[in-house]
Each structure stands twice: as structure tokens, then as C-alpha cells.
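The structure appears right after this line, and notes come after that.
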Amino acid sequence: MPGRCGLTDLSVKIGKIKFKNPVLVASGTFGYGEEYSEFFDLNKLGGVITKSITLNPREGNPPPRTCETPSGMLNAIGLANVGVSEFIKEKLSFLKKLDTRLIINVAGSTLEEYVKVVKRLNRIKGIDMLEINISCPNVKQGGMHFGATEESAHQIIKTIRENTSYPLMVKLSPNVTDITQIALAVQEAGCDAISLINTLIGMAIDSETRKPLLANITGGLSGPAIKPVALAMVWKVAQKVNIPIVGIGGIMNTKDVLEFLLAGASMIQVGTANFVDPKVTVKIIDELKDYCENHKIKSIKEIIGKLETQSIS
Ligand SMILES: Cc1cc2nc3c(=O)[nH]c(=O)nc-3n(C[C@H](O)[C@H](O)[C@H](O)COP(=O)(O)O)c2cc1C
């Protein structure tokens, strides 16, 4: 079978951290990792990203908190998680044993909360990077508000930078006027990579009952419906920043991954697609190898940012 002989180099780097391939799983769509271990060998992934971890346990929003939409889904989970102490005690030991990169996604309602969580995670062996979620649309306090202006985004990332030595990836919201300005602000504040996009604010209504389909009324739209938006934002941000970009949004298959890499992403995250097919990421990794071999590409890095914008007609 072509592409399985291991000649192709799928590895990529963010700062000093080397990933065996560019495929990560998106926060909140892969639980704490263990939930997916019955489906495939998680060591094949470039890395695992946990759901957002907050200081205290959170139950999240009341149900219903997900619904299907054309070419996508809405969710208003509201950062349900066990809290950082329970996470360290109960969830981390499984993740630390994996032979893949481990990224902990951190969220909070206040700047102080982010800092406390980050400090609790400091000096834990086995954690490779933090992803700072300043883009959750489904919480009343904090979340997306931190990522909404250049000033607040800069302030929170600068403060977190001062309180941890872990490499930092900052996850941006598409629900802003100009995402490139927020990207420049967090780069200036000292982050090592930028991931984008989180979900777009959306809503669904049942015209018979005259009620919203989500108890939270609005939610975050994800899945194939948002891919064109995500691609455009990745491409725009790639023109401005000089740190690696991690592309997210509607990635369902290998072709989608290649599009994000061409647009300038060094890595990608697969989210909603995990719910459709829990093994989709391993299929993508195998197919990326096939693609590279069939196109005589020695290293996947060769195609990052290689979108040809000249003479498209
Ligand atoms: C059910 C669900 C839960 C999510 N929870 C989180 C979360 O806890 N933290 C976070 O940063 N992003 C969260 N996200 C956003 C995803 O990580 C991702 O940015 C978004 O879904 C877009 O990617 P996709 O279209 O591939 O799903 C969640 C998305 C979904 C669908």
C-alpha cells in the first residue's frame, strides 16, 4: 500500500516542540482523551488537546445544549469540566502516559482565574503546551470577552506569559471585527502559536413551538458550515504574524487539512468531525502520508503557506 513505508516526514514544530504530525484534536470534542482510546491508538495523533479546564468544576449550561444545523452543529456546553484539581488528580495520569504531545486548554471567568489555573499546571511533567481559550462564546463572564479587543487579549496573554514557562497557543474567536489585529496583539504579548477559529455565534429556532432549540438561546456554530470562514481567517492572519498558526474549523477530511496548510496553517485541529467518525484523525494521518508520497513531497512542511494566488483564472 502506498504511503505506509514511513519515508514521508509529517513532523512539524511549534517553537521548540516537535509534533510527529500536524493533526491535533480540538478542545471540547475529544473529552479528556480516554473517552476515545477504545476507538484507536491515540499515540498516532500529533497531539491531544483537552477540553477547557477552569479553576473550579463547572456543570455548564442547562440542556438542550447541542443541536444539528445544515452542514454543522450548534453547541452551548458552557465549559463543563471537572476543574483543575480534579483534572490533575483523575484525568492527567492517563494523558501523561501517551506517546504524543499533550496540550491543556485553559479557560476562566476572570484574569485571576486564568492565572490560578496556569500556576496549578506549572511544573507538571508531561504537559507540552497550554492552549489559552479567550474565545468561548457560551459563557456569561470571561470567555470570548477577553478575545474581543486587542487591549484585553494583549493584557491576559502578557499576564499568563509572566506566570508560566509552558509554550502558549492562544485560541482566537471569529466573532470580532478584525481577527488579524487580535492575532498581532497576542503575538506581541509573547505567545508561541495562534489557533483559530473557535465557533461562530449562531442560533436555531423551532417555528412550531416558537422556542429556541438551545436552552442558552444562542450557541457556537461548528462543522463544515464554518470552513470557508475559518480558511479565510487563517489565510489573513498568516499574512500578518510570524508565529505558527493552527487551523480549526469544519475540517472533515484530508482535503480540508491540505487546504488549511496551503492557507498558512502549520498544524490543524479536528473538532466536530470526531463526533461523526471517532477514527477520522487516524484516517487523515494515513492519507496525508499517501498524498505526500503520491506528490513526491518529502516533508509536509513543504506545502505550508504555499497557496498560489497569482493567475487563478
Ligand atoms: C461540543 C463542542 C464543545 C466545545 N468545547 C470547547 C472547549 O471546551 N474549549 C474550546 O476552546 N473550544 C471548544 N469547542 C470549539 C472547538 O474546539 C472548535 O474550535 C470548533 O468546534 C470549530 O472546529 P470544528 O468545526 O472542527 O468543530 C467546542 C466545540 C464543540 C462542537
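The values are calculated or read from the model by the stated rules, or taken from the named source; none is laboratory data. Computed from a prediction, not measured in an experiment: that's the story for all the values here. When we count neighbours, we look across all protein chains shown, and the Cβ atoms used for this are built from the backbone with ideal geometry, even at glycine. Keep in mind that these areas ignore ligands, DNA and RNA; they rest on the heavy atoms of the full protein, side chains included. Shrake-Rupley method; radii C 1.70, N 1.55, O 1.52, S 1.80 Å.
Taken over region 74-93, the criterion of being open to solvent by 30 Å² or more (accessible area, probe 1.4 Å) and not polar (S, T, N, Q) is satisfied by 77, 82, 86, 88, 89, 90, 91. All conditions in (1) touching a residue at least 60 places away in the same chain (Cβ under 8 Å); (2) touching a strand residue (DSSP E or B) at 6+ places or on another chain (Cβ under 9 Å); (3) hydroxyl-bearing (Ser, Thr, Tyr) hold for residue 180, with the sole exception of (2). When restricted to residues that are surrounded by 24 or more Cβ atoms within 10 Å (Cβ to Cβ) and either of a type in the set (Phe, Trp, Tyr) or at pLDDT below 95 (or both), region 1-54 contains 1.
Scanning region 143-170 for residues being open to solvent by 10 Å² or more (accessible area, probe 1.4 Å), over 17 Å from residue 84 (Cα atoms) and not β-branched (Val, Ile, Thr) gives a total of 14.
Filtered by the rule that a residue be closer than 29 Å to residue 128 by Cβ and open to solvent by 50 Å² or more (accessible area, probe 1.4 Å), region 175-191 gives 181, 184, 188.
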